[in-house]
Each structure stands twice: as structure tokens, then as C-alpha cells.
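Trainee: Next up is a structure, given as C-alpha cells.
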Amino acid sequence: MLEALALACLVDLHLDSKWSRFRGPNGSGVADTRGLPADVAPKKNVIWMTELPPGHSSPVLFAERVYLTASEDDKLLTIALDRSTGAFVWRKEAPRDRVTKVHARNHHAAASPAVDADAIVVFFDNYGLVAYDHDGEERWRKPLGPFNNVYGMGASPILVGDRVVLACDQQVGSFLIALDKTSGEVLWRTERPEAKSGHCTPILYEPEEGGTQVILPGSFYLDAYDVATGERVWWVSGLSFEMKSVPVLHDGVVYINGYGSPMNQPGNQIEVADFDEVVAERDGDGDGKIKAEEMPPSRAAAWFGFVDLDGDKLLDAKEWAYLQAALASKNGMLAIRAGGKGDMTETNVLWTYHRSVPQLPSPLVYENVLYMLNDSGGVLTTFEPRSGEIIKKGRLEEAQDNYYASPVAADGKVYFVSESGIVTVVEPSGNFEPLAVNELDEPCYATPAIADGRIYLRTTGRLYCFGLQEKDER
């Protein structure tokens with residue numbers, strides 16, 4: 001009982017913390033601060049700028065430091081900067097015992113650090129987890145993997161009281177793991193057999209009764225796990241087979257978007273025959289499995305390499321069932337009431353929406369508006385969160401670009417950062433009223449961080465700190 005109480009108290013502190021994890025407080029993308037600039041460009045409102053090695057991880061903030069990860073000359077780096085000046089405080093190299101292939105839009109330094117008063121924890125797909133103290137001294141390391149995610153890994157760790165929680169979704173052997181923050185000892189590990197593709201970072205939920213829960217989207221399901229034990233408590237089905245964005249919890253409702261492919265768009269879906277039927281008709285060599293050349297002549301044939309989960313160039317009955325389920329899943333934004341026990345699909349799904357759904361950018365709820373930004377073309381849809389009623393759908397006219405970073409908001413401003421470095425700032429009415437459109441002149445993949453009247457924007461080669469005044473009011 002005392003242990004559970006201590007964990008709950010620490011979780012409350014975590015939820016109230018500033019931008020100390022990916023997407024800030026509980027992954028919301030929203031900061032409680034004032035005095036942010038709308039004009040953010042290389043010669044406008046720059047407090048400082050620091051050149052950095054490449055990386056897609058987002059900056060996180062704690063006390064007087066900014067923490068990031070990077071990769072340079074095959075070295076996996078954790079970097080601490082002075083928050084007032086941008087000067088390097090320390091830089092540490094993590095072990096690297098392999099080189100894995102990642103998607104062109106991913107990076108070996110994709111996961112953002114998680115930080116609190118005691119530790120900085122980082123994850124690299126080419127090693128696993130490493131923890132440091134605030135002076136940069138290594139506290140422990142935990143090898144994980146190798147992984148078999150077709151895109152490479154991308155989920156960031158989170159800190160929950162006395163433990164580190166990390167989601168490791170991959171083609172085979174997905175799991176959620178909790179480790180002791182001080183020692184790195186594994187406290188529990190829960191397998192996620194349905195999860196096959198994605199890299200969602202989890203968030204936390206505090207039910208009225210019971211302990212803190214980790215909410216984690218994955219292939220087909222949104223799952224909630226008990227932080228203390230790793231037990232799967234409740235779940236909702238109906239998600240895409242491929243999930244990458246961070247869910248947002250607002251007034252007891254979880255908002256999550258997921259996109260698999262154009263063939264997962266309602267009206268564009270196809271059905272494939274059952275495995276036994278296909279084997280009977282097309283298994284020319286009688287081995288009871290399906291080769292690429294034995295696939296039925298349909299659009300599903302292009303999925304062979306993706307659903308060949310074990311990479312043996314053969315599809316067995318389980319992989320065929322995954323193909324069927326993946327093709328049957330729908331791209332969508334879902335509003336899901338949090339809480340319950342067991343399968344809550346019938347009662348907890350409040351509404352769904354299936355058009356212009358993004359694959360990568362996470363949703364944002366700010367000042368009673370839900371924002372959904374598509375990866376391509378700057379297509380933005382705003383909703384009334386509870387009803388799902390559309391406020392407006394259109395394009396960010398001066399920023400019709402691709403988007404990798406997720407939107408963030410504070411101080412009556414919503415920030416959208418495009419892949420080519422266009423930063424569009426709009427007022428939070430849901431009507432796309434632009435306050436400013438800025439150019440950073442470099443590609444951007446990292447979601448910004450916001451705290452204490454500052455916004456931190458990472459490009460492929462720099463980290464900018466923007467603010468309206470020179471004085472640091474922390």
C-alpha cells in the first residue's frame with residue numbers, strides 16, 4: 001500500500017512537470033506559459049542558437065538544462081546544453097553494438113530523452129536504454145533488441161515515479177517494459193502479440209479507482225496497462241494496423257489518429273480469401289505456405305514483404321491472418337473515453353473520423369479545439385473535441401508542405417513545423433487564422449519544446465531558443 005501511494009504521489013509530480021518528455025506534460029503538446037513569440041526565424045527573437053549533430057529527437061527541458069540525442073560518425077550521443085545560453089555542458093557516447101536499417105524519414109537518434117530530478121534516460125535502437133545523472137555520469141545501461149521494426153524504432157521512454165517505461169513495438173516480439181529508474185532492473189515486461197508496426201510513445205491515465213495506467217496505442221488496439229504490475233487492464237479495438245502518433249488525454253477522453261495506407265481508406269479496402277483457400281488454389285510446390293509468386297493477383301500482392309514478419313519469404317497462416325486484419329483496418333481519428341475493465345470498444349468509442357488522417361503528426365487539443373494535421377500538403381482539420389463536429393478543414397495556405405513534427409501550443413498560439421522548416425503560427429480558434437509564417441531555412445523533423453516563455457526548435461543542424469526578452473524569468 002505504501003509503495004503504491006508513493007508511486008501515485010510521484011506520478012502526480014510527473015504529470016505537473018514541464019517539458020521533461022516527448023511532447024511535454026503527459027504528451028499533450030501543450031505548455032502553460034506566456035510571452036511566446038509568434039515570429040520565430042533565424043533573425044527574429046533568437047535568444048540563442050547552437051549547432052548540433054544530426055538527430056530527430058525533440059529537446060526536453062529540466063531546470064537549467066536542455067537534453068537531446070544525436071548521431072555523429074556512427075556515435076550515439078546524449079547532449080546537455082545550458083538552457084540560458086545554449087552552450088554545451090556535456091556530451092556522452094552510448095554503446096553501439098549493431099547498425100540497424102531505418103526508414104529514410106527515421107533516424108538512429110529518433111527517441112527523445114525522459115528526464116526528472118534524478119535521471120536522464122535515453123533509448124537508441126542500436127543499443128537499448130542508458131541512464132545518466134545530471135552531471136552526465138552513467139548510472140546504468142540496459143541492452144535491448146535487436147529489433148525488427150520495418151521503419152526502425154521510434155518510441156521515447158517515459159519516467160513514471162520510480163520507473164522507466166518503454167514501448168518496443170516491432171514485427172515480431174512486441175513488448176512494454178518497466179525498469180527501476182535507479183538500478184535499471186527490469187520490474188516487469190508485458191508482451192504485446194497483436195502489435196506489429198508502429199512507434200507510439202505512451203501517456204498516463206489516473207482512474208478514479210486503482211493505480212496509474214499507461215495508455216499505449218498499437219496495431220488494432222488502444223491498451224491500458226497497470227504501471228505497478230504491467231497487467232493489461234482495458235482496451236479498445238478499431239485502430240489502424242499501423243500506429244505512430246502519441247495519444248492525447250483531455251477531460252477523460254483519449255484522442256488518437258492512425259494511418260496505415262491508401263488501401264485502408266474506407267471505400268478503398270479489399271478483402272482477400274482465407275489462407276486455406278489460397279493454399280488450395282495457388283500453393284504450387286505443396287509446402288503449405290505462400291510465396292510471393294503464389295500471391296493472388298490483386299492489390300494485396302504488394303503487401304507480401306510487409307507481412308512476411310519473420311523474413312523467410314513465405315507467408316504462413318498467422319502471417320496471412322495479419323494480412324487480412326491489416327487490410328480490414330481503417331485509417332482514422334478516434335475519440336475514446338478512458339477507463340474500464342476488459343474490452344471497452346462497445347461503450348468507450350465516442351466518435352471516429354476517417355478522412356485526411358495523418359500517419360506521423362500527433363493530435364493536439366488546445367482551448368477546446370482538436371487539431372489533426374495531415375503529413376502531406378498542410379491539410380488541417382479542426383474539431384469540437386467531444387462531438388467530433390468539424391470546425392474547419394483546409395490547408396495551411398503558406399505552408400503546403402510535408403509534416404513530420406507534431407503541433408504544439410501555448411500562450412494563445414498553435415505552432416506547426418513543416419519538414420522544410422516552415423513554422424506556421426495560428427490563433428486557437430480552429431479557423432487557421434495566421435499570426436505568423438516563418439522560415440527556418442533547414443529541414444525539421446523534431447517536435448518543438450515550450451516552457452517559461454521560450455520555444456525550442458530543432459532543425460537538422462541547429463537548436464534555436466526563441467523568446468521575446470533576454471531576461472530568463474524561470
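The values are calculated or read from the model by the stated rules, or taken from the named source; none is laboratory data. Predicted model only: the values in this text are computed from it and were never measured. Every residue, glycine among them, receives a Cβ derived from its backbone with ideal geometry; neighbour counts consider all protein chains shown.
Trainee: Just give me the residues in segment 73-105 being of a type in the set (F, W, Y) and closer than 17 Å to V121 by Cβ, in sequence order.
Mentor: We begin by selecting, within segment 73-105, every residue of a type in the set (F, W, Y); these are 88, 90.
Result: W90, single match.
Okay, residues lined up against (1) of a type in the set (S, T, N, Q); (2) under 17 Å from I177 (Cα atoms):
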| residue | (1), (2) |
| --- | --- |
| A117 | no, no |
| V121 | no, yes |
| G136 | no, no |
| P143 | no, yes |
| Y151 | no, no |
| S156 | yes, yes |
| L159 | no, yes |
| L166 | no, yes |
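Here is a yes/no grid of residues against (1) at pLDDT 95 or above; (2) among the small types (G, A, S); (3) closer than 30 Å to L370 by Cβ:
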position	(1), (2), (3)
S17	no, yes, yes
A31	yes, yes, yes
I47	yes, no, no
P53	yes, no, no
K92	yes, no, no
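Trainee: Another question about this same structure. Hey, which of the strands (runs of 3 or more DSSP E) in segment 25-143, taking only ones fully inside, have at least 2 residues that are farther than 21 Å from G154 by Cβ? Spell out the reasoning first.
Mentor: Numbers: elements: 46-51, 60-62, 65-72, 75-82, 88-94, 120-124, 128-132, 138-143.
So the answer is 46-51, 75-82, 88-94, 138-143.
Trainee: Right, next: List every residue pair whose Cβ atoms lie under 6 Å apart, where the two residues are 6 or more positions apart in sequence or sit on different chains, the first residue falls within segment 110-128 and is farther than 19 Å from K244 by Cα and surrounded by fewer than 24 Cβ atoms within 10 Å (Cβ to Cβ), and the second residue, located anywhere, is of a type outside the set (G, A, S) and at pLDDT below 95.
Mentor: Close Cβ pairs (under 6 Å, with a partner that is of a type outside the set (G, A, S) and at pLDDT below 95) amount to N126/R96; N126/R98; N126/T100; N126/H108; Y127/P95; Y127/R96.
Trainee: Looking at segment 234-252, is at least one residue touching a helix residue (DSSP H, G or I) at 6+ places or on another chain (Cβ under 9 Å), over 16 Å from P157 (Cα atoms), of a type in the set (G, A, S) and at pLDDT below 95? It would help to see each step written out before you state the result.
Mentor: Initially, segment 234-252 is screened for residues touching a helix residue (DSSP H, G or I) at 6+ places or on another chain (Cβ under 9 Å), giving 234-238, 240-242, 246-249.
Add one more test, that the residue is over 16 Å from P157 (Cα atoms), and what stays is 234-238, 240-242, 248-249.
Those left that are additionally of a type in the set (G, A, S): 237-238, 240.
Now drop any that are not at pLDDT below 95, which leaves none.
So far as segment 234-252 goes, no, none of its residues is touching a helix residue (DSSP H, G or I) at 6+ places or on another chain (Cβ under 9 Å), over 16 Å from P157 (Cα atoms), of a type in the set (G, A, S) and at pLDDT below 95.
Trainee: Then there is this: Which residue out of V379, V426, V369 is crowded, with 21+ Cβ neighbours inside 10 Å and not acidic (D, E)? Reasoning before the result, please.
Mentor: Values: V379 fails: crowded, with 21+ Cβ neighbours inside 10 Å; V369 fails: crowded, with 21+ Cβ neighbours inside 10 Å.
Exactly one residue qualifies, and that residue is V426.
Trainee: To continue, here is another question. Restricting the search to segment 76-105, which residues are loosely packed, with under 14 Cβ neighbours inside 10 Å and among the basic types (K, R)?
Mentor: R98, K101
Trainee: When you check V278 against the structure, is it free of Cβ contacts under 8 Å to residues at least 40 places away in the same chain, closer than 27 Å to Q265 by Cβ and not charged (D, E, K, R), yes or no? Steps first, please.
Mentor: Numbers: free of Cβ contacts under 8 Å to residues at least 40 places away in the same chain: no; closer than 27 Å to Q265 by Cβ: yes; not charged (D, E, K, R): yes.
The answer is no for V278.
Trainee: Criterion first (on the phi < 0 side of the Ramachandran plot, surrounded by fewer than 17 Cβ atoms within 10 Å (Cβ to Cβ) and within 29 Å of the chain's Cα centre (by Cα)) does K291 satisfy it?
Mentor: No; evaluated as a whole, the condition is false for this residue.
Trainee: Can I ask one more? Can you find a residue in segment 300-314 that is in contact with an Asp or Glu (Cβ under 9 Å, 6 or more places away or on another chain) and charged (D, E, K, R)?
Mentor: Yes: segment 300-314 contains one or more residues that are in contact with an Asp or Glu (Cβ under 9 Å, 6 or more places away or on another chain) and charged (D, E, K, R).
Trainee: Which residues, taken from segment 164-223, are under 22 Å from V254 (Cα atoms) and acidic (D, E)?
Mentor: Answer for segment 164-223, where residues must be under 22 Å from V254 (Cα atoms) and acidic (D, E): D169, E194, E206, E208, E209, D223.
Trainee: Separate question: Only one of R105, R139, R96 is in contact with a strand residue (DSSP E or B) (Cβ under 8 Å, 6 or more places away or on another chain), modelled with pLDDT under 95 and of a type in the set (K, R). Can you tell me which?
Mentor: On the way: R105 fails: in contact with a strand residue (DSSP E or B) (Cβ under 8 Å, 6 or more places away or on another chain); R139 fails: modelled with pLDDT under 95.
The unique qualifying residue is R96.
Trainee: Of all residues in segment 165-186, which are closer than 23 Å to Y221 by Cβ, in a strand (DSSP E or B) and not aromatic (F, W, Y)? Please lay out each step first, then the result.
Mentor: Our first condition is that a residue be closer than 23 Å to Y221 by Cβ; within segment 165-186, this holds for 165-178.
Now narrow it down to the ones that are in a strand (DSSP E or B): 165-168, 175-178.
Once the filter is applied, which keeps residues that are closer than 23 Å to Y221 by Cβ, in a strand (DSSP E or B) and not aromatic (F, W, Y), segment 165-186 yields V165, L166, A167, C168, L176, I177, A178.
Trainee: State all residues of segment 376-386 that are in a loop (DSSP other than H, G, I, E, B), at pLDDT 95 or above and touching a Phe, Trp or Tyr at 6+ places or on another chain (Cβ under 9 Å); if no residue qualifies, say none. Walk me through it before giving the result.
Mentor: Narrowing segment 376-386 to residues in a loop (DSSP other than H, G, I, E, B): 376-378, 384-386.
With at pLDDT 95 or above added as a condition, the list becomes 384-386.
Within segment 376-386, P385, R386 meet the criteria.
Trainee: Taking strands (runs of 3 or more DSSP E) that fall entirely within segment 329-370, which contain at least 2 residues that are touching a Pro at 6+ places or on another chain (Cβ under 6 Å), of a type outside the set (G, A, S) and in the same structural domain as V253 (by TED's automatic domain parsing)?
Mentor: Counting at least 2 such residues, we get 364-366.
For (1) closer than 24 Å to R83 by Cβ; (2) modelled with pLDDT under 95; (3) in a strand (DSSP E or B), each residue gets a yes or a no:
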residue	(1), (2), (3)
G388	no, no, no
K393	no, no, yes
A405	yes, no, no
V423	yes, no, yes
A446	yes, no, no
K471	yes, yes, no
